Amino acid sequence: MKRVNAMRSGIQSRVFALLIPFLLGVHGLTFAASEGHGGHGEEKAGDIIMHHILDTRVMDFEPFGSFTLPSIVIGGFDISITKHVVIMWLASAILLLIFGMVGKRYRSMKATEAPSGMANTMEALVEFIRLDVAKSNIGEGYERHLPYLLTVFVFILMLNLLGLVPYGATATSNINVTLTLAVFTFFITQVAALKSHGVKGYLQHLTAGTHWSLWIIMIPIEVIGLFTKPFALTVRLFANMTAGHIVILSLIFISFILKSYIVAMFVSVPFSIFIYLLEIFVAFLQAFIFTMLSALFIGLASAHEGHEGEAAH
Amino acid sequence: MLTSGIIVLSGGLLDPNPGLIFWTAVTFVIVLLILRKFAWGPMVGALEEREKNIQSSIDRAETAREEAEAALRKNRELLAKADADADKLIREGKEYGEKLRTDIVDKAHAEATKMIASAKEEIEQEKRRALGELRNEVADLAVQGAEKILKANLDANRQKAIVNSMIQDLSKHRN
């Protein structure tokens, strides 16, 4: 019971910590709104929300100031470091720190020893991905894809969670990031398919085993089918992460648009806290779903002929 | 609703950004490679090893249980057999004892009967011998008495005295 209370108070303090930058961000809005006229409030709110969600080259630490990230252009390509890149590096650093420590602990541990603390927590995660995601979806030879699935899970999870902390940004609410991750899954899926069926089997699979006269229809459908999978992955993660943030920010801005403390107290704050808690859940859920579907696609692609036949009929 | 409509219309959400794609790919691949070497390898290895350990422990426990059960079964069988053996031995012993007893008793009976018979025989013989002796004695006595009677026949007193003395003698002799 004590523990539950401690957890609850931990969440509450985190929620308050989250709300601070919102309030501070809104502070800027009130200034902006007071300069213009009431009728433009909504547009301003939309701009502010977009500002929070979109990628930018400016790192904002609002009451303490901000700085602009350097722009890098190589060979005509703009590979400037943006806020989402910085967040991604931060997430990577946290992951490397946590899992470096855990990995070190495992190296020095004997097989009969039980893990404790952080190692134990991470082991539960790894074991879950290993057994319930990789092994049950890919089956034989799942070990080969395990590092990718584990990495993609913790990477997306960390990016999702970093979107929920003060001054954080959700890199996974940027379609470029989710697209890149989905493309990784796509390539791994295709390689797995090629490896288990060979080039001939892979090309045969594109015809879906139909009569040659139907190939003119079947091949385009199957090729489109190949690309819908990563597309679905991309949009699912991107839309889920974006939507949650837009909802939270919109709820907060209701009170500023209506300029009412009552609305703020009874609508904006409670509802945004609720959505925030939901977002914590969604952060885990979406990381899990991305990993799960990746494993499923890899499993489907590398399934043996018998399974393919069963699936086709 | 209006706000979200404005957001979608204003664009930006779906803008491609090659730089971000590049950095995402680079970051992800580096994280993947480092974690694979330093985290997933040891962790998954440890998990697999533990899994194997647990499986082998279970297997060993199972074999031990089976062995124990077999030993128990064997023990029970041995015990049952020992019980049966003991029963058999006791029964046999009892039978033997019974037989021995009846034998001894029978023998004793026979012996006793024989002894009684021989004793009877002996007594009979003794009796016969004694009777013969008595007969001879009585004949002698009678002859002696007759002699005395004949001698004392000379006078009555003497006769009387003779008869009396004879009777006395006889009674004395009897006694």
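Values in this text are rule-based calculations from the coordinates and carry no lab data. As the structure is a prediction and not an experimental result, all values here were calculated from the model. Glycine also receives a Cβ, built like all others from the backbone with ideal geometry; neighbour counts cover every protein chain displayed.
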For chain B, take the longest principal axis of its alpha carbons; what is the angle in degrees between that and the long axis of helix B:156-174, to the nearest 10 within 0 to 90? 10 degrees
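Could you compute the FRET efficiency for residue B:139 and residue B:118, with r as their C-beta to C-beta distance and R0 at 35 Å, rounded to 0.05? Mind dumping the intermediate values first?
On the way: r = 31 Å, r/R0 = 0.90.
The formula returns an efficiency of 0.65 here.
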A correct fewest-to-most ranking of A:107, A:130 by other Cβ atoms within 10 Å would be A:107, A:130
Shielding by other protein chains, A:76-85, mean Cβ within 10 Å: 4
Taking the Cα atoms only, what angle lies between the long axis of helix B:41-152 and the longest principal axis of chain B, rounded to 10 degrees? 0 degrees
With label points set 7 Å from each Cα along the Cα-to-Cβ direction at residue B:63 and residue A:69, the distance between them in nm comes to 5.9 nm
Take the Cα gyration tensor of the protein assembly as shown, multiply each eigenvalue by 5, square-root it, and list the three semi-axes largest first, rounded to whole angstrom. 125, 32, 20
Per 5 Å bin from zero, what fraction in whole % of the C-alpha pairs of region A:142-258 is there, up to the bin with the longest pair? 2, 10, 15, 16, 14, 12, 10, 8, 6, 4, 3, 2, 1
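Quick check: convex hull of the Cα atoms in chain B, volume per residue, rounded to a whole Å³?
Working: hull volume 53.3 nm³, N = 175.
Value for chain B: 305 Å³ per residue.
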Cα pair distances of region A:83-312 binned at 5 Å [whole percent]: 1, 6, 12, 14, 15, 14, 11, 9, 8, 5, 3, 2, 1, 0
Based solely on its DSSP helices, what 222 nm [θ] is calculated for the protein assembly as shown when runs of n ≥ 4 H residues each add -39,500 (n - 2.57) and the sum is averaged over all residues, nearest 500 deg cm²/dmol? -27500 deg cm²/dmol
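For peptide B:44-55, compute the average count of partner chain beta-carbon atoms within 10 Å of each residue's beta-carbon. Please list the in-between numbers first.
On the way: counts 10, 3, 12, 8, 3, 4, 8, 4, 1, 2, 1, 0.
Per residue, the average neighbour count from other chains is 5.
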Starting from 0 in steps of 5 Å, tell me what percent of the Cα-Cα pairs of region A:206-313 lands in each bin. 2, 10, 13, 13, 12, 10, 8, 8, 7, 6, 5, 4, 2, 0
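From the P(r) of region A:71-196, can you give the percent of Cα pairs sitting at distances over 23 Å?
Numbers: 3650 of 7875 pairs.
Cα-Cα pairs of region A:71-196 separated by over 23 Å account for 46 percent.
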Here, residue A:266 and residue B:49, labelled 7 Å along Cα→Cβ, have an inter-label distance in nm of 6.2 nm
